[in-house]
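Derivation of every value follows stated rules applied to the coordinates shown; laboratory data play no part. This is a predicted model, so every value here is computed, not measured. Ideal geometry is used to build each Cβ from the backbone, glycine not excepted, and the neighbour counts take in all protein chains shown.
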Amino acid sequence: MPFAIAIATGLATTIGALPFLLLREVTRRLYDTLLGFGAGLMLAAATLGLLSTALEGVRAGGTLDLGRLLSTLGGFGAGVGLLYAMDRLIPHQHARGHGTHVHEDHVHETAGSDPIAARLQAQKQGLLVVGVMSLHRLPEGFAIGAGWAAGGRALGLTLAVAVAVQNAVEGAVMAAPLRRGGLGVGRLLGLVSATGMAVPIGAIAGYFLSSLVPGALPPMLALAAGALLYLTCNEVIPESHSHGNEVRATFGLLCGFVFIMVLGVLFGHTHS
């Protein structure tokens, strides 16, 4: 069951790309609002879901379990360190550069007036985003697997919904420059769908590492939380706030956070 959910979550990336079979542009304001919403989903899933579960039992019976606390903090640091290393080692662009993958004006600026060069530049930008997003899917899948191992259906589904919505938004971010660059429908859907398949791979690793290694569950949950928080704060939020749409992105973030709060209550993932 959790792996089927992880596969469906990965395929949400393809759903986000579908509008670009007909359209080649979506307004920047809409993108930034959706990216803000996705950021809120990820922040809430990491803090209210993963970290809260990882810290359960740290003060069981009123006594501090220092070993569990330290292992959880270590896992959190490892997740942040992993994403930081990926950020440093993988070539990509950040806000104002990273965000303009979907901005047509940027293509004309970098490629001049040559339409062929503009299409090639758009394809190059799109493929770069595809590569980076594929690697970012791994910690997202890891979070779903670890969450399912810890909280079963409630936490697993909450994380899956959060990641699925964010993946759909990022599917659109990937598809826009590829479509504008003249990539065929079949290749576009194939590339975007392939990035989503990193989610079930990460979910398998997260589930089995958390389930089979004694004492691994709290640090694995914290690792997934650290990775998601770094990804959200370093990539998604700066991008959504870099084009003059900060208010829209902020309210999108707050709506996403509230959505996960409500989802957690409906799925029964609440702690006393």
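Quick one: net charge of Gly196's neighbours, Cβ under 15 Å, K/R +1, D/E -1?
-1
Under 5 Å between amide hydrogens, which residues at least 5 positions from Asp65 or on another chain qualify, with H placed 1.01 Å from N in the peptide plane?
Arg59, Ala60
Which peptide among 201-208, 69-76 comes first, and what is the full order, when sorted by highest mean count of other Cβ atoms within 10 Å?
Answer by packing, highest mean first, reads 201-208, 69-76.
Return the FRET efficiency for the residue pair Ile201, Arg29: r is the Cβ-Cβ distance, R0 is 35 Å, and the value is rounded to the nearest 0.05.
So the FRET efficiency works out to roughly 0.55.
Based on the Cβ-Cβ distance of Leu21 and Thr63, what FRET efficiency does E = 1/(1 + (r/R0)^6) give at R0 = 45 Å, to the nearest 0.05?
0.15
Hey, how many Å between the Cα centroid of the range 216-266 and the Cα centroid of the range 188-213?
If we compute the Cα centre of each part, the gap is 20 Å.
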